[in-house]
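Student: Supplied in structure tokens, the structure appears directly below.
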Amino acid sequence: MLIISMRRNLLRLWKKMVQRQLPFTEGQESNIIQDRQTGIIRDVKNAVSIPVIGNGDIFKGEDAVKMRDYTGCDGIMVARGAKGNPWIFREVKAALSGQPIPERPTEEEVISMLLRHAQLSVQYKGEKMGIREMRKHTAWYTTGMHGSSTLRNKVNQVESFDALQELLMR
């Protein structure tokens, strides 16, 4: 997979690669262009015959529709928009298929998912590393919640799953 995030000479680079039929990577089935300037993605899409996937600033379903409609890209890649927000994928799916976008999760649903994420992290990485890594995820999951600033300060002291659960269930 090829990810390009450069702004200068992007279109010229792609044209040269396609004209010369340069190999991208072994087993690659599509090419990904990562650039926040959707105009460049649109220009590349219009210039090449290979699949182009748009990426950048996809934080809700409507953003994916705007990306697709403006650029004509073959697919959408979500990056930062998924941090602490695994629900974005159902929103993007609904928006791209013209369905009503599901309601945002309640705070209780967010906490439940955060704890499930923490539990899986602990199972995979062990309690010490899993909980330490969950500190940043907790900040992402709780952004915008009432008292989240205080919670983020407290979560940085947490060393166990039980302590994290106790903190979040208050």
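The values are calculated or read from the model by the stated rules, or taken from the named source; none is laboratory data. Keep in mind that what you see is a predicted model, and the values were worked out from it rather than measured. Every residue, glycine as well, gets a Cβ built from its backbone with ideal geometry; the counts of neighbours run over all protein chains shown. Surface areas here come from the heavy atoms of the whole protein model, side chains and all, with no ligands, DNA or RNA. Shrake-Rupley method; radii C 1.70, N 1.55, O 1.52, S 1.80 Å.
Student: Tell me the Kirkwood hydrodynamic radius of segment 59-122 in angstroms, computed as one over the mean inverse distance between distinct C-alpha pairs.
Tutor: 12.8 Å
Student: Please give the charge dipole size of segment 56-113, origin at the Cα centre, charges +1 on K and R Cβ atoms and -1 on D and E Cβ atoms. Round to the nearest 20 debye.
Tutor: For segment 56-113, the charge dipole is close to 180 debye.
Student: Okay, next question. Could you look at segment 48-112 and say what percent of its accessible area is carbon and sulfur, using a 1.4 Å probe and all protein chains?
Tutor: Its accessible area is 54 percent carbon and sulfur atoms.
Student: Putting +1 on Lys and Arg Cβ atoms and -1 on Asp and Glu Cβ atoms, find which of N85, F59, A95 reaches farthest to the positive end of the dipole of segment 56-98.
Tutor: Result: N85.
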